[in-house]
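Here is the structure we will look at, set down as structure tokens.
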Amino acid sequence: MNPRTPERVAVVGFGPVAARLVDELLPAVRRGRVLLTVIGTEPVAAYNRVLVADLGAGRTTHEAIELADAGALRADGVRVLLGRTVRRIDRPRRMLDLDDGTQEAYDRLVLATGAGAIIPTLTGLNPDPSAIHLLPPGVTALRDLGDAARLRQTVDRRGHVIVLGGGILGIEAALAATEEGARVTLVHNGDRPLARNIDRGGGATLARTLRSAGIELVSGARSTGVCFVPQAGGRHRFGALELEDGRRISGDLLLLSCGVRPRTGLAEGAGLPVARGILVN
């Protein structure tokens, strides 16, 4: 490549990591040394996913958790493509095939595809992680703004939120929703919350704290399926979570907080080595 020719850098994914990288590359973009393209699946620029639970509970706003301004980046010369998905990486041709049939050429490619929510294998749910947005009404994860909006609707009407998963994010979501007036039941299969992180004594203290905050805690529970209730027009929505011992916990919203799985499909399809993530060296 001619040293005076700008290098085409394509970033796939527009989450917090990509936002930080874009900030680092901006000086080179402004000097004309880099032609930068950022491709994000969501219709908005990067935001702080850690605060999605607070957004869903009404504690903060979208503006407060933004990490990038698409308009400002475009004014600086960055090509920002939002609401677009890369379907395939053509490595020999250094070309990206997008979902709208267009292609983007690159000299250097950065995969910042992040992780997706793990959808547990429960009767009535699709465990395919690529089908996260096909979850039935009344069931959501806690990864994006759409999830936050669904949680907010339930919190605003003081509904009953069932949080499935006793990890840090699940606990934070449960506490936030409870403090904003929702009824919350936290269901997890360990003998204590955060069993992988704290000992029994700490777990017992945490459990007491959660209960004193008004959260109903269901420990040692293995979930097996979800029940649905009929709605107008022949539709159905979540009605209850089924447990292995036969119990059913009724609620208005099932919030899945069962961890995340790295999005490696795009890299794997391009012949790159993957394991619990994309292997880089």
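The values are calculated or read from the model by the stated rules, or taken from the named source; none is laboratory data. Keep in mind that this is a model prediction, so the values were computed, not measured. Ideal geometry is used to build each Cβ from the backbone, glycine not excepted, and the neighbour counts take in all protein chains shown. The area values use the complete protein model at the heavy-atom level, side chains included, leaving out ligands, DNA and RNA. Shrake-Rupley method; radii C 1.70, N 1.55, O 1.52, S 1.80 Å.
Observations on the model:
- When Thr5, Thr41 are checked against the criterion of being under 24 Å from the mean Cα position of the chain (by Cα) and among the β-branched types (Val, Ile, Thr), Thr41 stands alone in meeting it.
- Some residue of segment 149-161 being open to solvent by less than 50 Å² (accessible area, probe 1.4 Å), of a type outside the set (Ser, Thr, Tyr) and touching a Pro at 6+ places or on another chain (Cβ under 9 Å): no
- Some residue of segment 90-106 being of a type in the set (Phe, Trp, Tyr) and under 21 Å from Pro262 (Cα atoms): no
- Any hit, segment 236-252, residues being free of Cβ contacts under 8 Å to residues at least 12 places away in the same chain and within 22 Å of the chain's Cα centre (by Cα): no
- One residue stands out among those in segment 224-249 that are in contact with a His (Cβ under 7 Å, 6 or more places away or on another chain) and of a type outside the set (A, V, I, L, M): the one that is most open to solvent (accessible area, probe 1.4 Å), which is Pro230.
- Among (1) open to solvent by 60 Å² or more (accessible area, probe 1.4 Å); (2) out of contact with any His (no Cβ under 8 Å at 6 or more places or on another chain); (3) small (Gly, Ala, Ser) - the single one Ala270 does not satisfy: (1)
- The criterion of at least 2 residues that are surrounded by fewer than 17 Cβ atoms within 10 Å (Cβ to Cβ) is met by the following strands (runs of 3 or more DSSP E) wholly inside segment 18-90: 79-82, 86-90.
- Taking (1) modelled with pLDDT under 90; (2) within 23 Å of Thr121 (Cα to Cα); (3) open to solvent by less than 40 Å² (accessible area, probe 1.4 Å) in turn, Gly203 satisfies each apart from (2).
- Residues located in segment 110-148, provided they are modelled with pLDDT of 90 or more, surrounded by 19 or more Cβ atoms within 10 Å (Cβ to Cβ) and under 16 Å from Leu266 (Cβ atoms): Leu111, Ala112, Thr113
- Residue within segment 177-185 that is within 16 Å of Gly220 (Cα to Cα), surrounded by 24 or more Cβ atoms within 10 Å (Cβ to Cβ) and of a type in the set (Val, Ile, Thr) present: no
- Where Thr185 falls short, out of the listed (1) of a type in the set (Val, Ile, Thr); (2) touching a residue at least 60 places away in the same chain (Cβ under 8 Å); (3) in contact with a Ser or Thr (Cβ under 9 Å, 6 or more places away or on another chain): (3)
- Listed by first and then second residue, the pairs linking a residue in segment 102-118 that is under 16 Å from Thr85 (Cβ atoms) to a residue that is buried (at least 18 other Cβ atoms within 10 Å of the Cβ) and aromatic (Phe, Trp, Tyr), with Cβ atoms under 9 Å apart and 6 or more places separating them unless they lie on different chains, are Ala112/Phe14.
- For segment 58-78, the condition of being within 16 Å of the chain's Cα centre (by Cα), more than 23 Å from Arg152 (Cα to Cα) and of a type outside the set (Lys, Arg) holds for none of the residues.
- Matching residues, segment 194-221, being out of contact with any Lys or Arg (no Cβ under 7 Å at 6 or more places or on another chain) and charged (D, E, K, R): Arg196, Asp199, Arg208, Arg211, Glu216
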